[in-house]
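Participant: The structure is given below, and queries will be raised subsequently.
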Amino acid sequence: MLLALLVEFAVAPRIVLRENLRLWHSLGSGMLLLQWLCATGTVWVLSGPRARAQV
């Protein structure tokens, strides 16, 4: 959640202002990739064998 807030309120405004665009766009893309990795890991853990045993 922290990554999403940082992208929304710290990185995105700088991209819109075209302030050092290459740096901020790369940083924002990297943060988005980290969000996807965290979400994938969460789904992986929640759908593991323990979760299936409880169903």
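Participant: Quickly run through segment 3-29 and pick out the residues that are of a type outside the set (A, V, I, L, M, F, W, C), without any contact (Cβ under 8 Å) to a residue 12 or more places away in the chain and surrounded by 13 or more Cβ atoms within 10 Å (Cβ to Cβ).
Facilitator: R14, H25
Participant: On to the next question. Please go through (1) modelled with pLDDT of 95 or more; (2) not in a helix (DSSP H, G or I) for R14 and return the number of the only condition it doesn't satisfy.
Facilitator: So R14 meets the others, but not (2).
The values are calculated or read from the model by the stated rules, or taken from the named source; none is laboratory data. The shown structure was predicted, so the numbers you read here are calculated from the model rather than taken from an experiment. Note that each Cβ is placed from the backbone with ideal geometry, even for glycine, and that neighbours are counted across all protein chains shown.
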